[in-house]
Amino acid sequence: MTMNISRRTALKTAAAAGALSVTGMPAMAAPKHGGTYTIGMSGGNTSDTWDSRTHSDSFMINMGAGCVFETLTEVSSAGELVGELAESWEASPDAKIWTFNLRKGVKFHNGKSFGADDVIASMNMHVEEGAKSAAKPIVAAVEEMKKLSDHQVQFMLKSGSADFPYLVSDYHICIFPAGQIAEAIANGIGTGPYKVVAFEPGVRAMVTKFDDHWDADNRGYFAEVEQIYIGDASARVNALMTSQVDAINRVDFKSVKLLDAYINIDIIEVTGNMHNTFPMLVGNAPYDDVNVRRALKYAVNRQEMVDKILLGHGAVGNDHPIGPANQYFASDLEQTEYDPDKAKFYLKEAGLSSLDVDLSVSDGAFAGAVDAGQLYQNSGSAAGININIVQEPADGYWSNVWLKKPWCACYWSGRATEDWMFSTAYESGVPWNDTGWESERFQSLLMQGRAELDTSLRGEIYREMQGICRDEGATVVPMYQNYVDAKSNRVEHSGQTGNLWMLDNLRSCKRWWSA
Amino acid sequence: MNNVAMIIGKRLGLGVLTMFMVSIIIFLAVNMLPGDFAQALLGQSATPEAVAAIRKDLGLDKPIHTRYFDWLIGVMQFDFGTSFAKANFSSYGGTAAAANFGTVADQIAPRFANTLFLAAVTAAIAVPLSLLIGVLAALYRYSIFDRIANISTLTSISSPEFFVAYVLILLLAVLNPVFPSLSNIHDGMDFTQKLQKTMLPALTLTLVVTAHMMRMTRAAIINLLASPYIEMARLKGLSPFRIIVFHALPNALAPIINVIALNLAYLITGVVVVEVVFVYPGVGQLFVDSVKIRDIPVVQACCLVFAAAYISLNLLADVMSILSNPRLRLPK
């Protein structure tokens, strides 16, 4: 995000610096209202519902939080946190008590007006008895919710969390009408700028403009949006090229050049937080030795992987999980380069002259993982590291190989905040710490950063933590994988798209307009 | 006629037995695949606790024979159950969301209707076309027409379906935009809209199935042309067209009907690739998606539908060939 802001600050100053709409978009050509927006989207399932707790893939996230529902806060195209249903928020100095001022005059699609009760009821959906919501940990961290007035809610957290307003932008935590939640889940009733017309799970969804929306002039410009589930990558490209749809997500890297040659098609490519990893279980020799881990980090040719596996649609990683879409991404942290001599040096430090290791890979881990393993094998041999590639079946990979084999391939889509990412997979003792690596300094910084409200101090804390991961951690992060989407010139956007998630953070229906 | 009724009765009985066997084989096969629904659904987040929780919710922790017979008893009462994916999502929260989840039958019915629609449109084009080409090819056998008909149909059947599909898209959607390349039909469309959207996949499938039917028609007719009664007809001075259509064709119907039935069954059960390329919401895609996540109730129901389609079409073909052949119709 930091990287993104600087790129954009230049843009902004060049244009009119003050002309920012509520969503934080630079006001370029004035958006037009009306028109139909058709999207060819991957990630649909016949089991899809309007229950945002179950949303896990692009089709429903785009239809849920991206059209029909709204969240308290949202991450703008520029990567800034802005209010959606919350107008403003403030924290107590220890970041334990958060007060949210809610927007007034907001209506649900069924005419009910929105208020504090809806927020509390919607949050409670995630911690209900038996609920399996992916956002459960976020809401479970709230000790108590208090309704201060009809349009003010206070959250008392169990421990300080400076990221709390970020966390409630999560697409799982959509706001439903209190007392009518079951009905809202059945029919898709939210406060979003579009209301549901037709929904066939795993096939298509159709929504039209909701005229009573609180910000109908500035978000949700289209008269209607149709989203079609197209699972096959070539079928998506084909649909865009034959003008059957206006935008598609997940463009196959091989088709990018072809699409780019079309004058009326724009490729939208951003580097976000999605990254590929090779985690080592430090409980197993030789990975318990930090020098072996360092040797392996110097033995991978990252640029070659980006060029050959991602066909250039990515960026080299630096062995930590924080990406360019994160607020405190340390882009100036010194990059670990491919250096067989240094790798040899660290092997010697570990008392070894050569190293024989097994690397478990499968294309079920990430597309191209087997080839990436072979590149690793090749670059490692120059440093006296003999990597034996073990091909594992893609079926059951996450149950039988990941977290079980000493060294394997893996991927992470990344998280919106540093704390969220670290505490998901790097904190001591959490179930998804896929290396078992622990560091006292890292752990204390994690605790310190979590409750720190001062942004510059947080920046330093997270910078140091990224450095610790790079130097001591047990995960090799060779590359970030870009989000590559495409749109026709029948639809337009502000000139900037978000990099947290594909297709303008899956908010294109709310932010883009017909040309 | 009693004879026909007896054959139908026997075959239906055998059909039910076949479907029972199919269901056992599919059930065992899906269970032998590595990973189960819980693991496939959770993917990277498959912690042992989460997997165990989902298995318990769905009854996947019970032994395999108990699960099979539970399912079988349901099916005998025409209850195909609820798909694992839906059952699992409905247990996500205490809200009354569960009431809104349909059964497997509700899930398959609209998809199957779409599949039948595509098969019907294809058959309406392919069957008359291949009969016509077959008859003409027999009539003008070894002529240029015959050779061209043979070579072109054989070429189209030898090309992979997705290739034929993309060639058609290039010709009829990109270069000459006659038909849309997306066949996302839905209930809101009227018949002509649906027909237009279905045209490209139907044409693709026509190219795939025509060769088989056309060549069988040609071969069956040519076989008969050497028989004495055709010689007789020819000596009477009948026109070659009349000889073929009125004298040879009725006697060649049995093998032709069999081939048509086989191809119709293929149109119902084997068109996944075409569905994927044209984004056609048929039952094939549902089936593949369900196998991917090991959603056994949906997989089983799809298999039963497929098996039923094969069995009934084969039965229909046999009955038709008996009816078209007086020797079989009136046994001694």
query = Can you tell which of A:D266, A:D252 is in contact (Cβ under 8 Å) with a residue 40 or more places away in the chain, charged (D, E, K, R) and surrounded by fewer than 23 Cβ atoms within 10 Å (Cβ to Cβ)?
reply = A:D266
task = Mind telling me which of the residues A:Y346, A:Y338 ends up being touching a helix residue (DSSP H, G or I) at 6+ places or on another chain (Cβ under 7 Å), open to solvent by 30 Å² or more (accessible area, probe 1.4 Å) and part of a loop (DSSP other than H, G, I, E, B)?
result = A:Y338
query = Is one or more of the residues making up segment B:15-32 over 20 Å from B:V298 (Cβ atoms), hydroxyl-bearing (S, T, Y) and in a helix (DSSP H, G or I)?
reply = yes
inquiry  = modelled with pLDDT of 85 or more and either surrounded by 15 or more Cβ atoms within 10 Å (Cβ to Cβ) or touching a strand residue (DSSP E or B) at 6+ places or on another chain (Cβ under 9 Å) (or both): which single residue out of B:V22, B:V16 fits that description?
reply    = B:V22
task = Mind listing whichever residues of segment A:39-89 are away from chain B (no Cβ under 14 Å), out of contact with any Ser or Thr (no Cβ under 8 Å at 6 or more places or on another chain) and either within 20 Å of A:R250 (Cα to Cα) or not in a loop (DSSP other than H, G, I, E, B) (or both)?
result = A:I61, A:M63, A:C67, A:V68, A:E87, A:S88
inquiry  = Quick check on my filter: what residues within segment B:114-136 are without any contact (Cβ under 8 Å) to a residue 40 or more places away in the chain and more than 20 Å from B:H247 (Cβ to Cβ)?
reply    = B:A120, B:A124, B:P128
message = Suppose we filter B:I108, B:I54 for residues that are at pLDDT below 85, out of contact with any strand residue (DSSP E or B) (no Cβ under 6 Å at 6 or more places or on another chain), within 12 Å of chain A (Cβ to nearest Cβ) and crowded, with 16+ Cβ neighbours inside 10 Å; which single one remains?
response = B:I54
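Matching residues to (1) more than 14 Å from chain B (Cβ to nearest Cβ); (2) aromatic (F, W, Y):
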site	(1), (2)
A:G231	no, no
A:F253	yes, yes
A:K257	yes, no
A:M274	no, no
A:R293	yes, no
request  = Kindly list the number of the only condition in (1) assigned to a strand (DSSP E or B); (2) crowded, with 18+ Cβ neighbours inside 10 Å that fails for A:G231.
outcome  = (1)
task = For B:V273, work out the one condition from (1) part of a helix (DSSP H, G or I); (2) open to solvent by 20 Å² or more (accessible area, probe 1.4 Å); (3) more than 14 Å from every other protein chain (Cβ to nearest Cβ) it doesn't fulfil.
result = (3)
ask   = Across segment A:371-386, what is the number of residues that are open to solvent by 10 Å² or more (accessible area, probe 1.4 Å) and not in a helix (DSSP H, G or I)?
value = 3
query = Somewhere in segment B:189-208, is a residue part of a loop (DSSP other than H, G, I, E, B) and within 14 Å of chain A (Cβ to nearest Cβ)?
reply = yes
key: Selected residue [open to solvent by less than 10 Å² (accessible area, probe 1.4 Å), more than 12 Å from chain A (Cβ to nearest Cβ) and either touching a strand residue (DSSP E or B) at 6+ places or on another chain (Cβ under 7 Å) or farther than 30 Å from A:A239 by Cβ (or both)] from B:A307, B:A301, B:A248, B:A254   = B:A248
For B:R215: the one exception among (1) open to solvent by 40 Å² or more (accessible area, probe 1.4 Å); (2) touching a residue at least 12 places away in the same chain (Cβ under 8 Å); (3) under 30 Å from A:D246 (Cβ atoms) = (3)
query = For segment B:232-245, which residues satisfy the criterion of being open to solvent by less than 100 Å² (accessible area, probe 1.4 Å) and assigned to a helix (DSSP H, G or I)?
reply = B:A233, B:P240, B:I243, B:I244, B:V245
request  = Considering (1) surrounded by fewer than 16 Cβ atoms within 10 Å (Cβ to Cβ); (2) in a loop (DSSP other than H, G, I, E, B); (3) acidic (D, E), say which one A:D319 fails and leave the rest.
outcome  = (1)
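The values are calculated or read from the model by the stated rules, or taken from the named source; none is laboratory data. Note that the structure is predicted; figures quoted are calculated from it, not measured. Ideal geometry is used to build each Cβ from the backbone, glycine not excepted, and the neighbour counts take in all protein chains shown. Each accessible area value is taken on the protein alone, full model and side chains, heavy atoms only, with ligands, DNA and RNA left out. Shrake-Rupley method; radii C 1.70, N 1.55, O 1.52, S 1.80 Å.
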